[in-house]
Each structure stands twice: as C-alpha cells, then as structure tokens.
1. In peptide A:59-70, what is the residue-averaged number of other protein chain Cβ atoms found within 10 Å of each Cβ?
2. How charged is the neighbourhood of residue B:166? Take every other residue with its Cβ under 14 Å from the Cβ of residue B:166, and add Lys/Arg as +1 and Asp/Glu as -1.
3. What does the charge add up to near residue A:100, with Lys and Arg as +1, Asp and Glu as -1, over the other residues with Cβ less than 14 Å from its Cβ?
4. In terms of modelled amide H atoms, which long-range or inter-chain residues lie less than 5 Å from the amide H of residue B:220?
5. Any chance you could run the full-extension gain for residue A:430 through residue A:326? It's 0.36 nm times the residue separation minus the Cα-Cα distance, nm to one decimal.
6. With an 8 Å Cα cut-off and a minimum separation of 6 or more residues, compute the relative contact order for chain B in percent.
7. If contacts are Cα pairs under 8 angstrom and at least 6 residues apart, what is the relative contact order of the stretch B:195-256 in percent?
8. Give the A-B buried accessible area in Å², both sides summed, 1.4 Å probe, nearest 100.
Amino acid sequence: MTTTLPAYDEVVARYEPVIGLETHVELGTNTKMWCGCPTDFGGEPNTRVCPVCLGLPGSLPVANKAAIEATIRIGLALNCSIAEWCRFARKNYFYPDMPKNFQISQYDEPLCVDGHLDVEVNGETVRIGIERVHLEEDTGKTLHVGGATGRIHGATESLVDYNRAGIPLVEIVTKPIPGTGALAPEVARAYVTELRDVIRSLGVSDVRMEEGSLRCDVNTSLNLPGEEWGTRTETKNVNSLRSVERAVRSEMLRQASVLDAGGSITQETRHFHEDTGDTTPGRSKETATDYRYFPEPDLVPLAPDTAWVAELKAALPELPRLRRKRIQQEWGLSDLDMQSVVNAGAVELIEATVAAGATPAAARKWWLGELSRRANETGVELADVGVSPRHVAELQGLVDGGKLNDKLARIVLEGVIGGEGSPAEIMTNRGLEVVSDTGALTAAVDEAIAANPDVADKVRSGKVAAAGALVGAVMKTTRGQADAKTVRELILERLGVQG
Amino acid sequence: MTDLTRLTAAEIAGLVATGETSAVEVTQAHLDRIAAVDEQVHAFLHVDTEGALAAARSVDERRAAGEDLGPLAGVPVAVKDVLTTKGVPTTVGSKILEGWRPPYDSTIVERLRAAGTVMLGKTNMDEFAMGSSTEYSAYGPTRNPWDLERIPGGSGGGSAAALAAYEAPLSIGSDTGGSIRQPGAVTGTVGAKPTYGGTSRYGLVAFSSSLDTPGPCARNVLDAALLHQVIGGHDPRDSTSIPAPVPDVVAAAKLGASGDLTGVRLGVVTEFTGEGAEPGVMAAFRESVEALAKLGAEIVDVSCPHFQYALPAYYLIAPSECSSNLARFDGVRFGLRVGDDGNRSLEEVMSLTREAGFGPEVKRRIMIGTYALSSGYYDAYYGQAQKVRTLITRDFTAAFERVDALISPTTPFVAFPIGARTADPYQMYLADLFTIPTNLYGGPAISVPCGLSEGLPVGFQIMAPTMADDRMYRVAAALESTVGTFTPPAL
C-alpha cells in the first residue's frame, strides 16, 4: 500500500479520537496463580512446571491468596470498588500455549470495578476512568520456528515453554477516553506511565515492559465532531511507553486516511511494529470467537472480607502523584522542571540519589543530563543505564570535594558503566584525581609561561582573556587532571595580574 | 483353608493385623482370582501385579516391625481408571489417554497407599465416566457377574463387578450422576457417593467438576464406611474440598447394624415411586421400606416436585462442564496424537486426534455442552439449568426439614442385557433418573442391595443432607442387617 498519510495536525482538526487501554500486569508473587511453582523470569524452558500449571488430567487449581491481595490493592490504588463476592470464569479457546485450552479469568464478576486514575499531561490533569481490574492466569510462550514472520503461520515447528503458564496476571481496562484531541497519544502514554508507577509503588510487580511483565493493548477510533464514536481497532504488541504513544498516533493517521478515502474501519486486532512504527492487521478470524465463558467450577467464589479490604486500603503506600507533589516542593522545582523529571522516569532515581547524600539539584543534573543522554543513545530505560543512585551521589561527592572536575567525573562515570567499580575506586585505580599539589602545578605553569612568552606578555599587558591558552597548555601537560580554576589563578598570580 | 477372596475387608484387615495371614497372601489370592475370572468379567483395564505385591510386602514388613497399622492395612483395593496413579496407566476408559502414565498420584490414591491398602489395578469404566453400562469403554464392556450377558452398570461398572466377582473386597468409584450407586445397585454391592467436597477430586480426571465425587464401593456397608473414612476429609489441593472432619461413618454403620432405627424419619420420594420403575424393583423397594419400619423408622411420603427436571438440567450442566474439561485432550502435551506427519497444521492434528481419540458418547456430550455454553444460548440452556439446580436443592432442604433422609429405589430397572440401550441415548440416561438429583444438590447418597427381581439385584437408595453422610450409613447398615447381603451365582 502506498497511501500517503495525512498530516497529524489536519487529522486532529477534522476527527475526534477515542482511545482505551487494556493493560496486563504479571504479578511478582513468589508462586504461580494456582500452584506452588516459582514465577521468576528466565529459567530453562519447562522447568518451572507441575501437573497443575501443565493442565494434566486430574489436576486442580487453588487460588493464590497473595495474588488476590495484590489485585485488590491495585484496585484500591485505582479508586475502584472491591466486589464483596465474585467468581472466576473459564474463557474457552484452543491454543497450544494454554495448557487446559481454557484460561481461568474473570468475566462478568470482576474483583474490582469502576475506578479512576488521574494523569498529568502538559500541566493539565486528565481523569482516566477505570472500567475493571480482574485477575487471571498467564499463558505459556510459543516460539514459532521456520517461518518468515516468527508467527504461527508458515512456521514449520512450534515450541512451547510453559514456565510462564499460570503466572498471575492482572488485567486493567479503562473506560473509553474521549475528548483528548491532539493529545490522545500523549494521554495514552501518560496513563500507562502513571499506571506503571502506581503498580511499582505497591511493590506487586516489577512492571517491566521489555520483559513483558507489563503489556498493553491500545484501542483507537476516530469520529467526526458531533457524531457517534467510530469503529475501534485493538493494537497489540505495544512493548514500550514510547510505542504506546506511537501506536495511537500511527493508528489515528491510518484510520484518518481510510476515512478520508471514503472507506470504513474494520473492527480488528492490529499488530504494532516497533521498527516502522506502523500497524498491520492481525490474523483475521473467519468467525467471531465465542469464548463460551462460564463460572469456573473448580474454584469456590471469592468473597474478600470487608475488614481485610479496609485494612489493605489503610495500608496503601503514598501514591506516585501525591508523592511527586510532595517531592516537587521539597526539591523546589518548577512544574516544568518536575514534568521533565517525570518524563525522564527519574523521580525514584533522583530520590534515591538524594537519599544517598547528593543535593536535589546535583542529582537532577546527572540523571537528566549525562545519564539520560547515555540512556537514549543505548536505547535503555534510565534505571537500566548501569549506574546506581549511590554511585551518582558518590561521584558528586568527589566533585564537591574538589577531587574530580566535570570532565574527569564523566570519565569516571564511563568506568562505572563499564563495571570497573565505585567512582572512588575508579578514580584511584586510573589515577584520575585532580592535581591539587600546587608545587607540581606551579612547575607546569612556569613551564607553560616559558614556552609561550608572547602569550604571557599579552596577559601581562592586561589581556587577561589570553590566559586561556596558557590554561589549555597546563591542562594538556597534566592530562586534564588539574583543576582549571586553580590553574588560571596560579597563572595570573605568576604573571602578577589581578584576575 | 479359608478363601481369602470371600472375606470382608474388615475381616481381612483383622487377620493381617493379628498375623493369621499376610498381606502378600491376601494380595496373591486376589491376583489369582483376577487371573481366573477377569477374562470373563473384564472388570480391570490394568492389573498392577508387581506394584500390588510390593505394597503388600511393605505392609507385612511394617507389621513385623511392630508398626501400628490402620484399619484397612493389607486390604486389596481396585481403583476406577478415572483416578491418576503415579507411573501406573490411567486411561479413563478412553483411547485418547491410552498408554498415559501420570507423573502424580491422586489424593484418594495417596491416602489409600498411606493407609496400607494394596492397589490391585485400575477398573474399567464408560469413557470419561459418561455412561450407565460400561459399554462406552473404549476397551470393551465389563460384564455383570450375576449374568455375563448383562451390563454391570456404569460408569463404574468395573469397580462394582470386581466386588461381585470377588476380585477385590473394596473398590473406588466416582459418582457424577450415579456412577457409583447405579453399578452398586445392579451388581448387588454397596456404593456410596459422599457429600460433594467430602472426598478430594485432586487427580480425578474431570468429567463435570461441580458434580464429580469419588467414593467407596464394597460388598457390605461397614466395609464401605471403613473405606470412606480412609479416603475422605479435607484436601488443600482441591479448592472445593470441605474443611471439616469426615462424619463418623464407621460408628454410624456399626450403630445401624444393631438394627434399631427408633426415632429416624425417612421420606419416600413420591416422584420416584410411581410409574417409571420396573414392578420387580418397586416390589423389592416396598418390602424394604416395611422392613425399615419394623426396625422403628418412621416412614412418610415426601414430594420433591422439581426432581422431574433433574435429568434435563443434568444433561446441560454436565456436558457444558465436560466440553471445557475435555478441551485439554488435544495431543499436544500427553496421550494420543494423530496425523502429526509434518505436513498438517496444528489445528488439523488437534482435530484428527480428538476425532480418533474420543468415542461417540463423549463427542455427543462435548457437542451438547459446547452448544449450551454458546453466546446467545447460554441463558436459555446452561443458565436455566443452573436455576433448576437451585430449585432441586431447595426441594432437598425443604425435605430435610421434615425427614432425616430420603429413600427411593437406586435405579428404575435391574441390569439390562448388553446392547439393549446403546442405540437410544435417552433410554441409557434413564438409568440415572433417581440418582441425579443428589449430584445436583451435592449431598451424600448410598445404594445398598435390598432384594432380587427375577434373580437380579435391586438397589435401595438413601439420600442424606450435606455432611450428614453418617446418617445414610446408619440406615443402610440397618437395612442390611435385616435383608442380608446377596451373593451372585458362581462364575
């Protein structure tokens, strides 16, 4: 297809988008949802399995209380009502990564309903309605071998790893989100970011999109102003925060071009491609899927004790949005500065760096400056850049103590990222400490003055700015390890000039 | 010398405990009996000779070491092939699991082993426990020891026939709509369906999860109670298992055996004692009711108006659950796989496997259930059936406000000839007409032999409130004390 996509500005001028998000979060419980198998990521294929999570004949599920508790806490953090009585249901469909050929999920009786999550976009608060939060089990992972696409069609062999099968999975579904206009992609991203932070603050999941412990499906539709909402598509395979934003935008552009051409949108599942930023149709289903939901007869209904729920509610941690407001005040940041900290995903990192002894300003400078740059270059999350908040605080301490200048500090940082040890160790091992021995420096200064008599004369005659060349020469002979400010002062002093 | 196969379980346990015989001798006697008659009866799908003798030796060693053995130590047990047995084939009477050796023991089997009973092997059954004659076994029918041309009931025909043929003194069955009680009735043996949740379903290959109940089978009431006590009780691996102790069924059976039912009120279910049952069955039932009255029981008529809808409700609920439970049999992870020649798609292989692996009755129920759960039909079928289930439960609760237990014949007819009802599924389904309401309610019920009709056994059913399993044992033992037990003609 060689359709030229319309410009984004024109699209949002003509159409109103409605978005919706379905997010799956793998809980970080020690054991799986229905059995005692461990849940850690990784592990040789099919080693974390038992008769229950393999769905062997005769095996039965028993619900994991920790997973139920985590789901209720997520629901409470999202301002949901917690059901006094609810049930699990079977979702029936055949797929080899699902050992029983049905998934134990929840259908018309979810554990948590009707909540909201406030997110900040461009300084505005947008309230996202939460339709439901329910608990289900994850499937195994299928690896299709031999096909061109890595998908089941065309594959010569399919291998299944059931380690993931039965890991507790929480599904969080928003209500439709209309009225966000041109900001729809950013709202989608802000929501997933906020949701991730909320769940992380609860300590119930590591919510890592790249490892699949947080997965997101994005629903998008367009309608003309004043008309009914359009047909929506569901975009899957959205594996990063950036992709959430790109997927909405890309789908808005695609749908607009279809509608502009007089076409209509097909309700379908689409697949997001990280490389091109496009979506393509998922596998078309010849017939509508009928999951034949019915209450799971192997499990008794859930009736969370109201006193227990109240206890869980009272024990919720400070949620990210409130925490951010508090921190912003403590750090004395403007709204805009705080927003950039949040956007960079640096709140916790800066907080930890401050806790390790750095000033908020210095911590912010490192994380938003040098470290963000490196994260972008290498395409990793800021937290995974390879430097801990403790290291950053230590590094700043060396700078503050005059042992490192900015340039040397950056070199030391390289060493930390390269796994050479702590900043102090690297400084010592590599001999990077600022030369502060005035005797040695004076010798270098005298050498530079002697080697550049013309420049020295200029300085003596009052052209103080010319001293820069002498500073450069000293820095060169000391291999950058001198403190430039001290060098400059020494030069002016030797030449009898006031700085 | 005593024929060890003719003894009761209690007697065998006593002889083993005192050292008058050994578990190995008892086991060998039963293995010999199986070798002699099972070619005719076909009660067993798999005889675990080595495993049984090893278990028996272990019991003898423990006794010799002075260990305190349980009340059934050294007693052989036959286990319906619906329960998983570690390393021992478990087929559920289906081709789709042919050759499957489970990597784990069901809770029931685990408890049987812990109690020192000796598992002889796995008994024949209708495929996936769907049937009332054992004719739907993929491995050929079991024959009734009373008349080898007749069915032994089903689905647990193997477990019942093994008792009647003296191949085992005890066996385990599972009852979803009558699969313990109806075979018990037509083979002249005792079969008890415990309260749902009173016995663990962990390791019971599911047919209909909300109905399946494993339970004891024996040749007399006390033996059934002893077995019930051993296998019953809470199991944390089954979420629907009731966290309460097993009612004292052994004490109740002993109390009943004294023959005094003074103060016990029994309700004859009027819906099950009119037309619909054979005259010979009704005659034996009526005589037994009179016998119970003579023992002091007060007999009243009780109407349970919704029982007439139990059969249709059951044939929506059970197939619905089975359509989902049996989805896992797809050839991917275990059991049969057909058509995997490298050229066929996964869907084709799954489809060919299920086509070849399931028999016609299983397919029929999967189709009915799939339909009943479909979008647009759910409310009219599955949803409606669940409402009927609630009404039936209310009939039971209302009845138990008036009486201690309900009574009826177990099944409307005595053992029918092999082949007589396979052509018409509905005629087959009628065999469970009187047993199904209990499963929908979840309470316990027992079938105890009460007489003969044209030389074939008739079963008497006692239904009790949930977790009042002891009550039915008391009445059953009282009835047994007056009508006696029934011995089939020699094979």
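1. What the average comes to for A:59-70 is 3.
2. Net charge around residue B:166: -3.
3. -2
4. Under 5 Å from the amide H of residue B:220 lie the amide H atoms of B:190, each far enough along the sequence or on another chain.
5. 33.4 nm
6. Computed value for chain B: 18 percent relative contact order.
7. Once divided by the residue count of the stretch B:195-256, the mean separation gives 37 percent.
8. 2700 Å²
The values are calculated or read from the model by the stated rules, or taken from the named source; none is laboratory data. Because the structure is a prediction, the values reported are computed rather than measured. Using ideal geometry, Cβ is built from the backbone for each residue, glycine included, and neighbour counts are taken over all protein chains shown. Just so you know, the surface numbers come from the protein's heavy atoms only, side chains and all, with ligands and any DNA or RNA stripped out. Shrake-Rupley method; radii C 1.70, N 1.55, O 1.52, S 1.80 Å.
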